[in-house]
Amino acid sequence: MLKKELIRRNPLKLMGYEAEDILGPGEFGALTARAGVGKTAFLVQLAIDKLLRDRTVLHISLNEPVEKVCLWYEEVFRNLAFQSNIKKLDLFWETILPNRFIMTFKAETFSVAILKERLADLTEQGIFFPQMIIIDSFPFDKTQMDAVDELKKLAKDHSVAVWCAVKTHRHKEPGPDGMPYPLYDIAKYFEVIFELQPDEKNIKVKALKGGPDSNAADLIVDPSTMLVQDNTRSA
């Protein structure tokens, strides 16, 4: 019952998607926002949902140490449990940790080639086989299109869905199709693109590409917990 209650809060289900996983093997999803709006917390919420469903998640962080990434997961998980009035967490938490693997890199030394080597080390030795990869702070604004091509090929070769946090910039206007910089020329690589939009007291989640049907309710992130609000409970 505890797991079912937490899974029920899958952000994508709350947003109106019917499937639990909107990204198939080899597909890309992007979450865009300016710095400090909540990209990491949202992606961690997606990752925890995956872990709760006994799937494996590789979280790649550029510039943040493992300890800080772990704290993100613990905080988001505890907030989710608090909202669901679940009190006995520790044993439950320990059962999902083996399905998570964290890698950290310095942004200036990270490359798709290095990621490919590290991933091969894990899979060829039977250590870890990710079913979802989260890449936090990949520098798309400094990345050549060839590198994005390579990253897409890596995802397909490993049959893994990849979510990327993409930092946007206040001074850069959206492109003609509404895509924010730095996705002007690379949006075609992504099956799904979300944007976090600060709106006075809350943060809205807007689907820029691959969204649910137009009748779906707006998805709101509570800035105090950085969790997606479950408006279905008040219906």
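The values are calculated or read from the model by the stated rules, or taken from the named source; none is laboratory data. Remember, it's a predicted structure, so these values are computed and weren't measured experimentally. Please note: Cβ atoms are built from the backbone with ideal geometry, for glycine as well, and neighbour counts cover all protein chains shown. Calculation scope for accessible area: heavy atoms of the full protein, side chains included, ligands and nucleic acids excluded. Shrake-Rupley method; radii C 1.70, N 1.55, O 1.52, S 1.80 Å.
A few comments on the model shown:
- Filtered residues of the stretch 179-219 (kept if open to solvent by 20 Å² or more (accessible area, probe 1.4 Å), at pLDDT below 85 and in contact with a helix residue (DSSP H, G or I) (Cβ under 7 Å, 6 or more places away or on another chain)): PRO212, ALA216, ALA217
- Tally, over the stretch 42-59, of residues that are basic (Lys, Arg) and touching a strand residue (DSSP E or B) at 6+ places or on another chain (Cβ under 8 Å): 2
- Tallying residues that are out of contact with any Asp or Glu (no Cβ under 7 Å at 6 or more places or on another chain) and open to solvent by 10 Å² or more (accessible area, probe 1.4 Å) within the stretch 35-45 yields 5.
- Taken over the stretch 21-34, the criterion of being open to solvent by less than 10 Å² (accessible area, probe 1.4 Å) and not β-branched (Val, Ile, Thr) is satisfied by GLY26, PHE28, GLY29, ALA30, LEU31, ALA33.
- Selection count where residues are open to solvent by less than 60 Å² (accessible area, probe 1.4 Å), within 22 Å of LEU196 (Cβ to Cβ) and not in a helix (DSSP H, G or I), scope the stretch 133-163: 10
- On inspection, VAL69 fails the criterion of being at pLDDT below 95 and either touching a helix residue (DSSP H, G or I) at 6+ places or on another chain (Cβ under 9 Å) or surrounded by 15 or more Cβ atoms within 10 Å (Cβ to Cβ) (or both).
- Filter pass, GLU173 being under 25 Å from ASN99 (Cβ atoms) and surrounded by fewer than 19 Cβ atoms within 10 Å (Cβ to Cβ): no
- If only residues of the stretch 72-93 that are of a type outside the set (A, V, I, L, M, F, W, C) and modelled with pLDDT of 85 or more are counted, the one that is least open to solvent (accessible area, probe 1.4 Å) is TYR73.
- When residues of the stretch 73-132 are limited to those that are in contact (Cβ under 8 Å) with a residue 24 or more places away in the chain, under 17 Å from ASP49 (Cα atoms) and not in a helix (DSSP H, G or I), the one nearest to the chain's Cα centre (by Cα): MET132
- If only residues of the stretch 176-188 that are part of a loop (DSSP other than H, G, I, E, B) and touching a residue at least 12 places away in the same chain (Cβ under 8 Å) are counted, the one that is nearest to PRO139 (Cα to Cα) is PRO182.
- Selection status of VAL166, within 20 Å of the chain's Cα centre (by Cα), crowded, with 20+ Cβ neighbours inside 10 Å and farther than 18 Å from ARG100 by Cα: yes
- Considered as a group, the residues in the stretch 53-65 that are closer than 24 Å to PRO223 by Cβ and outside any strand (DSSP E or B) include one that is most open to solvent (accessible area, probe 1.4 Å), and that residue is ASN63.
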